[in-house]
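Peer 1: Next up is a structure, given as structure tokens.
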Amino acid sequence: VKEQELFDALSALYYIRTLKFDSMEIGDSIEIRLINGNKKLTQTVYYNGLASLEKGEDLIECFKFSTFIVNNKIINEDSPVEVWVSKTKDPLPLQIIADIRVGTIIISLVNFTNNIDAFWAEEYRQKK
């Protein structure tokens, strides 16, 4: 990331999905500069390797990464926010899990349109 590049949380997610995970090893990390309100901060994102994610009756091969959110009133800073991105030509963020003070938030892609390289394409999935 260039020094002057600054992202909001959603833009950072879409930037991260463009990284070349195939060249990363488990435990590798990158730093991303974020803006949150009027605060600028640096967030470290850790590569956790490949993982299979259940989507309906299929298992989708994904790249998994995580980060710790600090100084946040909602997200539990002792637990990582985990993100699964499809291992496809056009990577999609498929799931995000974050522990919050009163439980867990799970954000999961259910459906989408107009994507040439659908994550359910035969070459990217396997049956459970």
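Peer 1: I'm trying to understand the selection: among the residues of the stretch 68-88, which are out of contact with any strand residue (DSSP E or B) (no Cβ under 6 Å at 6 or more places or on another chain), at pLDDT 80 or above and either open to solvent by 40 Å² or more (accessible area, probe 1.4 Å) or within 21 Å of Glu5 (Cβ to Cβ) (or both)? Outline the logic, then answer.
Peer 2: Step one: of the stretch 68-88, the residues out of contact with any strand residue (DSSP E or B) (no Cβ under 6 Å at 6 or more places or on another chain) are 68, 70-73, 77-78, 88.
In the following step, the residues that additionally are at pLDDT 80 or above were identified as 68, 88.
Scanning the stretch 68-88 gives a single hit, Phe68.
Peer 1: Hey, can you tell me all the residues within the stretch 1-28 that are surrounded by 13 or more Cβ atoms within 10 Å (Cβ to Cβ) and modelled with pLDDT of 80 or more?
Peer 2: Phe7, Ser11, Ala12, Leu13, Tyr15, Ile16, Arg17, Leu19, Phe21, Met24, Asp28
Peer 1: Shifting gears a bit: Please find, within the stretch 50-67, the residue that is most open to solvent (accessible area, probe 1.4 Å) out of those that are under 13 Å from the mean Cα position of the chain (by Cα) and touching a residue at least 24 places away in the same chain (Cβ under 8 Å).
Peer 2: Just the residues of the stretch 50-67 that are under 13 Å from the mean Cα position of the chain (by Cα), to begin with: 50-51, 53, 62-67.
Next, from what is left, pick out any that are touching a residue at least 24 places away in the same chain (Cβ under 8 Å): 50-51, 53, 62-63, 65, 67.
Numbers: Leu50: 93, Ala51: 24, Leu53: 14, Cys62: 0, Phe63: 17, Phe65: 9, Thr67: 20 Å².
Once the filter is applied, the top-ranked residue is Leu50.
Peer 1: Evaluate the stretch 14-35: report whether one residue or more is basic (Lys, Arg) and assigned to a strand (DSSP E or B).
Peer 2: The answer is yes; a qualifying residue exists.
The values are calculated or read from the model by the stated rules, or taken from the named source; none is laboratory data. Quantities reported herein were computed from a predicted structural model and do not represent experimental measurements. Virtual Cβ from ideal backbone geometry, glycine too; neighbours counted across all protein chains shown. All accessible areas refer to the heavy atoms of the entire protein, side chains included, with ligands and DNA or RNA removed. Shrake-Rupley method; radii C 1.70, N 1.55, O 1.52, S 1.80 Å.
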